[in-house]
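What follows is a single structure, written as structure tokens, with notes after it.
Every number in this text was worked out from the coordinates using simple rules, so none of it is lab data. Source: prediction; values computed, not measured. Heads up, the Cβs are rebuilt from the backbone with ideal geometry, glycines too, and the neighbour counts pull from every protein chain shown.
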There are 2 protein chains.
Amino acid sequence: MTDRPGEDELIARYFAPLAGPAGLGLKDDVALLKPPAGRDLVVTTDALVAGVHFFADDPPGAIARKALRVNLSDLAAKGAEPIGFALNLALPGDWTADWLAGFAAGLGDDAAAYRCPLIGGDTVRTPGPLTLAITAIGAVEPGRFAARGGVRSGDRLYVTGTVGDSALGLRLRLGQGPALADADRLQLLDRYLLPQPRLALAPAIARFASAGMDISDGFVGDLTKMLRVSGVTATIEMSRLPLSPAASAAIGADPSLFPVAASGGDDYELIVATPASAAAAFEAAAAEAGVAVTPIGEAVAGAAAPRFVDHEGRPFKFGRGSFSHF
Amino acid sequence: MTDRPGEDELIARYFAPLAGPAGLGLKDDVALLKPPAGRDLVVTTDALVAGVHFFADDPPGAIARKALRVNLSDLAAKGAEPIGFALNLALPGDWTADWLAGFAAGLGDDAAAYRCPLIGGDTVRTPGPLTLAITAIGAVEPGRFAARGGVRSGDRLYVTGTVGDSALGLRLRLGQGPALADADRLQLLDRYLLPQPRLALAPAIARFASAGMDISDGFVGDLTKMLRVSGVTATIEMSRLPLSPAASAAIGADPSLFPVAASGGDDYELIVATPASAAAAFEAAAAEAGVAVTPIGEAVAGAAAPRFVDHEGRPFKFGRGSFSHF
């Protein structure tokens, strides 16, 4: 059993080194957290299943990082700063000590990089696929939380980074994409493997945004959802969507991939709304934080679904709908 | 699709009615929690997998209740009062609307009964077995948290309720137990199906206990763990273990079931240590709270594993070791 420790030894060996003070050395069943005084807490949780949200043969460190990052992305969208996270890990029977060491190393690197220590968790076995759930807790000043439903008529709408890289990376991962230069191919594959949570933008969101949401199920579907919950609508000119050079190369080689980029999941970029009066300050703060933000339209009154149009104002033609993790 | 809604409709239909104010109507990706002023937070998370922690054909409401209750049991052991919980639900392909309605109804009943509202979650599909993870958050006064490692030499050791009912119920569920009167049989089966979190005892634990732990992996194994982490030991006379009439009947019919009761998992009773000076007050507070507590021994200095002895002081003979969920 030396390379297959029991649960307690597994926790002590691989996970206790990642624990922050609230984790009590992972020697208790619970975490004890002193919440920062005068702050609200933001709690988010996301589950990932092998074969659904990632490939079972992805590097274990990347699986761990993705599981943490999709939760950090939610905190960023709300303007919250991470405090810590709990991990549920359901391991299939064929796990190895090497696999778990790689998993813990990736998780530890990200926990340190994003200042979000492990505070607790649970490890169980499963006869099914590897399944992870992470619950992350963040803090935000009262009144600064960027709700999904906070978009108001007249607000400017922004998207961070570039859209569609991950969906295109997934196509490549499935052997379905066009031929691309190695650098472009690797960049898209990497964006699918490893989301980039936009935590650097969280302070600007807390300060200036009226609403925030991260893109997990695709730009088109998630923007539609955000505007519907907010009770507003918009006309979005699709040619304004920010694309990476790699995505542009893929779409140049196969234009039918543009709707995939616009609707595909796993971007983990943010959609942010700001009052028009705060737009310039938000853009300056984003530049200061080193996060690209692209204005993509303006919210207007109305309960209709947003209109997605081409550069001549005609309805944009989608190949298929928004990706859903469910 | 009327009886198989998508994720958003599923959440709106089944889970939004269970959400507390922090859940934002489950219309956001996150919960926004105002932590009670001047309290520490206790965070606990437990995952349950069909076929490992419960039977896939258990009533859906009971599966939901068990998932919540095993977490509430951890809060109780720490002297914490529940604030809310997040649910991760990985559904296999064959779920039905009826199943989910039953699941949500059970969850909602317990959320109300234990004053622990749903604050968020995530629903995904899985090609594997039904898998749930619940993360519960509670509050405790600073300095009142009952750590697992807090047992001190001289402390009195208590166990709540009765030990072993659940392990015996599991035997019966597997068709392995002795013939019993219907009432006894049903009581043991019910204790396996539905843990009874001892939240009523949490205020007494916060006030008087030096340490607390819930029994998930069996009395013997969990007490051993608690004393080891605390750096103390004890001699436990096994005849002092509180048994229910139903467990006594089962053990009377088959004495080899006594070690099963003492070592088997899923009790979700609590082991509590108090300073000797607080023992009388703790017992009075427990009586006031309506939770039976039985003194089972005294912690003494020493790093050795606790001794489990029979009524003549001889080493107790175990059939097999502590159950492990891992």
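Across region A:7-140, C-alpha contacts under 8 Å between residues 6 or more apart give a mean separation that, scaled by the residue count, equals a relative contact order of 40 percent. Nearest 10 degrees, 0 to 90: what angle lies between the long axis of helix B:60-77 and the longest principal axis of chain B (Cα atoms)? With rounding to tens, the tilt is 50 degrees. Here, region A:237-290 has an Rg and a Dmax of 14.2, 40 Å when only alpha carbons are counted. Taking every alpha-carbon pair under 8 Å whose residues sit at least 6 apart, chain A reaches a relative contact order of 23 percent.
Mean per-residue shielding of peptide B:115-126 is 5, counting Cβ atoms of other chains within 10 Å of each Cβ.
Rounded to the nearest 500, the 222 nm mean residue ellipticity of the protein assembly as shown from helices alone is -9500 deg cm²/dmol, with -39,500 (n - 2.57) taken per DSSP H run of at least 4 residues. Residues whose amide H lies under 5 Å from that of residue B:267, counting only those 5 or more places away or on a different chain, are B:218; hydrogens are built 1.01 Å from N in the peptide plane. The ellipsoid equivalent to the alpha-carbon distribution of region A:7-140 has semi-axes of 24, 17, 12 angstrom, derived from the gyration tensor eigenvalues as √(5λ) and listed largest first. Computed packing ranks the peptides B:201-212, B:133-144 as B:201-212, B:133-144, most packed first, by mean other Cβ atoms within 10 Å. Mind grabbing the base-10 log of I(q)/I(0) for the protein assembly as shown at q = 0.08 Å⁻¹? Debye formula, identical points on the C-alpha positions, no solvent, two decimal places. Calculated log10 I(q)/I(0) at the listed q: -0.60. Scanning chain A for the beta carbon that comes closest to the axis linking it by rotation to B yields A:128, 1, distance in whole angstrom. Across region B:142-151, coupling constants 3J(HN,Hα) worked out from phi with the 6.51/-1.76/1.60 Karplus curve, θ = phi - 60°, read x, x, 9, 4, 9, 5, 5, x, x, 5 Hz, and Gly and Pro carry x. By the rule of a C-alpha distance below 28 Å, with chain neighbours fewer than 8 residues away ignored, the lysines paired with residue A:78 are A:34, A:66, A:225, B:27, B:34. Angle of helix A:219-230 to the longest C-alpha principal axis of chain A, folded into 0 to 90 degrees and rounded to 10: 80°. In terms of packing, defined here as the mean over residues of other Cβ atoms within 10 angstrom, the peptides A:32-43, B:280-291 line up highest first as A:32-43, B:280-291.
What does the average come to when, for each residue of peptide B:208-215, you count the partner chain Cβ atoms lying within 10 Å of its Cβ?
Whole-number average of other-chain Cβ neighbours for B:208-215 is 1.
Near residue B:124, the amide H atoms lying under 5 Å from its own belong to B:89, B:90, B:91; only residues 5 or more places off or on other chains count, and H is placed 1.01 Å from N.
Using the count of nearby Cβ atoms within 10 Å as a rough guide to exposure, how do A:226, B:238 rank from fewest to most?
Fewest to most other Cβ atoms nearby, the residues stand as B:238, A:226.
Rounded to the nearest Hz, the phi-derived 3J(HN,Hα) couplings of region A:277-285 under the Karplus curve 6.51 cos²θ - 1.76 cosθ + 1.60 (θ = phi - 60°) are 5, 9, 4, 5, 5, 5, 4, 5, 5, where x marks glycine and proline. Across q = 0.08, 0.19 Å⁻¹, region A:148-309 modelled as identical point scatterers on its alpha-carbon atoms has Debye log10 I(q)/I(0) values of -0.22, -1.13, in the order of the q list. Taking amide H positions as modeled 1.01 Å from N, with prolines and chain starts lacking one, the residues under 5 Å from residue A:54 and 5 or more places away or on another chain are A:49.
For residue A:317, the aspartates and glutamates whose Cα falls under 20 Å of its own Cα, not counting residues fewer than eight places away in the same chain, are A:165, A:217, A:222, A:237, A:254. Sorted from shortest to longest, the distances between the residue A:16 label points of this copy and the other copies are 4.6 nm, with each point 7 Å from Cα along the line through the beta carbon. The value obtained for chain B, namely the Cα convex hull volume divided by the number of residues, is 133 Å³ per residue. Remark: chain A carries a charge dipole of roughly 800 debye about the Cα centre, counting +1 on each Lys and Arg Cβ and -1 on each Asp and Glu Cβ. Compute the distance from the alpha-carbon center of region B:79-154 to that of region B:18-33, in whole Å. Measuring centre to centre over Cα atoms gives 15 Å.
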